[in-house]
Amino acid sequence: AREGAVRRALEGLVGRGRMTLRPDEVVLALVRRLARAFDLLSCSFVAVEPGAADARVVAEVGPGPVAVNGESLPDQAGQPEIAEAIRTRRIVTRPDGSTIALPAVAGGRVLGVLVIRGRDAQPGLSPAQLQFAESLAEAAAQALEPVHRDGNGNGASPGPQSAATP
């Protein structure tokens, strides 16, 4: 019941955020909140194009391993957990436990990967924290999804994003 309430709250926040913010800004806000809540060393969201090898870092907080020297494309050779999370649609943890990659699914597709690095002195994420991070990854993917979906998974035309344009 609590997980459902958290998911509904995140969906509501994403919906309201999409009315006033660009999708990338919504994702950055979610990533910042997660990094702060769990006192992470770094937290990144890497967006992927369906069916393409291209990826881009949408949001990164902390000294993350994903974006190097301001590059927008992650070094997938140095980050095999990103590719593995996309391929398997499962959470992938580096063998040393330093990095967790959570696939972000929306509309039945993996739209990105949430990459989490804890501090050395921290234990790994608890099951409840991991569930929350999964919910956040899903909310981030929904924020990036270009078209709203109906209950059957069919694309529907997006409605107006905002009555006022800044």
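The values are calculated or read from the model by the stated rules, or taken from the named source; none is laboratory data. Here the structure is a predicted model, which means the values were calculated and not measured. Don't worry about glycine lacking a Cβ; one is built from the backbone with ideal geometry, like all the others, and counts go over all protein chains shown. Each accessible area value is taken on the protein alone, full model and side chains, heavy atoms only, with ligands, DNA and RNA left out. Shrake-Rupley method; radii C 1.70, N 1.55, O 1.52, S 1.80 Å.
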So the check is Cβ under 7 Å with 6+ separation or different chains; which pairs have a first residue in the range 132-147 that's modelled with pLDDT of 85 or more and in a helix (DSSP H, G or I) and a second one that's crowded, with 20+ Cβ neighbours inside 10 Å and among the aromatic types (Phe, Trp, Tyr)? Ala140/Phe45
Screening Arg8, Arg36, Arg18 for residues that are modelled with pLDDT of 70 or more and under 16 Å from the mean Cα position of the chain (by Cα) leaves only Arg36
Any idea which of (1) closer than 23 Å to Asp96 by Cα; (2) at pLDDT below 70; (3) exposed (fewer than 12 other Cβ atoms within 10 Å of the Cβ) is the one Pro63 doesn't satisfy? (2)
Checking Gly97 against (1) open to solvent by 30 Å² or more (accessible area, probe 1.4 Å); (2) under 19 Å from Gly4 (Cα atoms), which test does it fail? (2)
